[in-house]
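Below is one structure, written out as structure tokens; comments come after it.
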Amino acid sequence: MARLKVPSSPDQSVNSVQLQQTVKVSSYGEVIRAITSTPLVYAILLLKAVWPIGGGIINVLISVYAYQVFTAGEWGIGLLYGAIGIGFIIGGLLAQRFQRYFNEVAASSFALEGFALLLTSFSPTIYVTALFFALSTVAGGMGNASLNTLIMRHVAPSYHGRVFALDATISNILIGLSMLLGGWILTIAEPRIVGFVAGFLVTIPSLVLGLVIWRTVRGSGNESLTNKNHAR
């Protein structure tokens, strides 16, 4: 961050209307109205809000899988968390290389992540579980990068900070509640069953909302192409 160079004067490409919008933003109500009036952004934020419902339970299961299911102790917990971290790094790096399929990645990544999480409930060994966790975060890392980019492209710059703050607030609240619920459920249900249900809760909503995102992106792309043809 210390190496970033911030221009001393506003970018000339930013017109006076955008600058006026920046000054006028004063409440989250205005931001929420902007979100609900943009179907693509609304679908993305809904997807990112739905993910924690199953994702929080998965967070609790990481230690349970390592310690209770595979009796691998602290070493097993470290292995699973290490696999998750490596997956996020790889996903972030691959996102740059998959720019050609940007819309496809944005629409399908969370569903692929959920399916990989679902498969952890069938893993025969902790090494296979680590592999599935790594694959899930590869998809999740690519998905987060792609979806955040779509938000920045379709939301006015003056709203960026508040939109991402709202996204983070809702996600963190839901993931905390999901982890609390997951911990209670694990006292009465088998970890593998809980893992399957949690993966299912991530996969199915992600498939539905991913399809909505894909159709909306394609629709806006076709509309832009039509407008260009009319302009010619």
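The values are calculated or read from the model by the stated rules, or taken from the named source; none is laboratory data. The structure presented is a predicted model; accordingly, all values stated were derived computationally and were not measured. Here the Cβ is made from the backbone with ideal geometry for all residues, glycine too, and neighbour counts use every protein chain on show.
What are the residues in region 87-117 that are modelled with pLDDT of 90 or more and out of contact with any helix residue (DSSP H, G or I) (no Cβ under 6 Å at 6 or more places or on another chain), if any?
Ile89
So, in region 20-48, of the ones that are in a helix (DSSP H, G or I) and modelled with pLDDT under 70, which residue ends up surrounded by the fewest Cβ atoms within 10 Å (Cβ to Cβ)?
My answer is Val23.
Test of understanding: among Glu104, Glu113, Glu74, which residue is charged (D, E, K, R) and crowded, with 18+ Cβ neighbours inside 10 Å? Spell out how you get there, then give the answer.
Numbers: Glu104 fails: crowded, with 18+ Cβ neighbours inside 10 Å; Glu74 fails: crowded, with 18+ Cβ neighbours inside 10 Å.
Going through Glu104, Glu113, Glu74 in turn, the sole match is Glu113.
For region 100-108, indicate whether the set of residues that are free of Cβ contacts under 8 Å to residues at least 40 places away in the same chain and within 29 Å of Tyr42 (Cβ to Cβ) is non-empty.
Of the residues in region 100-108, the ones free of Cβ contacts under 8 Å to residues at least 40 places away in the same chain are 100-101.
Imposing the further condition that a residue be within 29 Å of Tyr42 (Cβ to Cβ) reduces the set to 100-101.
Yes, region 100-108 contains a residue that is free of Cβ contacts under 8 Å to residues at least 40 places away in the same chain and within 29 Å of Tyr42 (Cβ to Cβ).
In region 198-219, what residues are of a type in the set (Phe, Trp, Tyr) and at pLDDT below 95?
Selection gives Trp214 alone.
Just to be sure I understand, how many residues within region 143-184 are surrounded by fewer than 16 Cβ atoms within 10 Å (Cβ to Cβ) and among the β-branched types (Val, Ile, Thr)?
Qualifying residue count for the region: 4.
Kindly list the number of the only condition in (1) surrounded by 20 or more Cβ atoms within 10 Å (Cβ to Cβ); (2) within 20 Å of Leu93 (Cβ to Cβ); (3) in contact with a helix residue (DSSP H, G or I) (Cβ under 7 Å, 6 or more places away or on another chain) that fails for Thr120.
(2)
Quick check on Thr125: is it buried (at least 21 other Cβ atoms within 10 Å of the Cβ) and either at pLDDT 95 or above or within 23 Å of Ala34 (Cα to Cα) (or both)?
For Thr125, the condition - buried (at least 21 other Cβ atoms within 10 Å of the Cβ) and either at pLDDT 95 or above or within 23 Å of Ala34 (Cα to Cα) (or both) - is not met.
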